[in-house]
Amino acid sequence: MFEYKTIDQPIENTLFKEKGSKFIGFAFPVTNETELKKALEKIRSEHPKATHHCYAFRMGINGENYRANDDGEPSGSAGLPIFNQLLANDITNVLVIVVRYYGGTKLGVSGLVKAYKESAKITLEEARIVTKELETEIEIRFNFNQQNTIFTLLSKFDGKIISFDSQERAVISAKIKSKDKDNITEALTNLQFVEYKV
């Protein structure tokens, strides 16, 4: 439950041609709406003359946040075949965009389904699929003289420090593996003068 499969880096410009139409595939690792919008805007600005910018994404540990967008193609002929490739690869936190330049010959719904599916498939075949551990952010407040104890605890569980404010009452933000959260919070609960929020 504490890990998921995703792609390690963006894949851009895979090309698939069908009856004169060009389908250009892109895949991006995304973890939130901001990254998602940025990737979509980037592709729209790079391909302003494309006939369609169809896409699908899955986010969340179980891919519970998802969407498939046909961008003007017949309903279910573009976004869904792209989305099904995310399911087929069992990956999440991924956005796949397929840009289409119309080539003059209509493909029909079944032709479109096939073309978008194939474009998404070859794009994801170029990606390196990796397993990532789910992380949780934690903020810990403690007296300055306790910093060694806190740092030791975080390094024991491979915590990654994001920020450290070393006042009299120090504040640290760190990323920890979700599977270690209970052990870390239990250890913090046993320390005096320490507050934390996950």
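We did not get these values from a lab; they are worked out from the coordinates using the rules stated. Everything numeric here is computed off the predicted structure, so don't read it as measured data. For neighbour counting, all protein chains shown are included, and Cβ atoms are generated from backbone atoms with ideal geometry for every residue, glycine included.
Quick notes
- Qualifying residue in the stretch 11-24 (condition: β-branched (Val, Ile, Thr), in contact with a helix residue (DSSP H, G or I) (Cβ under 8 Å, 6 or more places away or on another chain) and under 11 Å from residue 99 (Cα atoms)): yes
- Taking each residue of the stretch 8-26 that is more than 18 Å from residue 104 (Cβ to Cβ) and looking for partners that are of a type in the set (Lys, Arg) with beta-carbon atoms closer than 6 Å, six or more apart or interchain, yields 8/128.
- Looking only at the stretch 124-181, and only at residues there that are of a type in the set (Ser, Thr, Tyr) and not in a strand (DSSP E or B), the one that is farthest from residue 29 (Cα to Cα): 149
- Near pairs, Cβ below 8 angstrom, 6+ apart or cross-chain, from the stretch 181-198 (closer than 23 Å to residue 3 by Cβ) to any residue that is of a type in the set (Phe, Trp, Tyr): 183/157; 184/157; 185/196
- Scan the stretch 44-77 for residues that are under 15 Å from residue 120 (Cα atoms), of a type outside the set (D, E, K, R) and outside any loop (DSSP other than H, G, I, E, B) and the total you get is 8.
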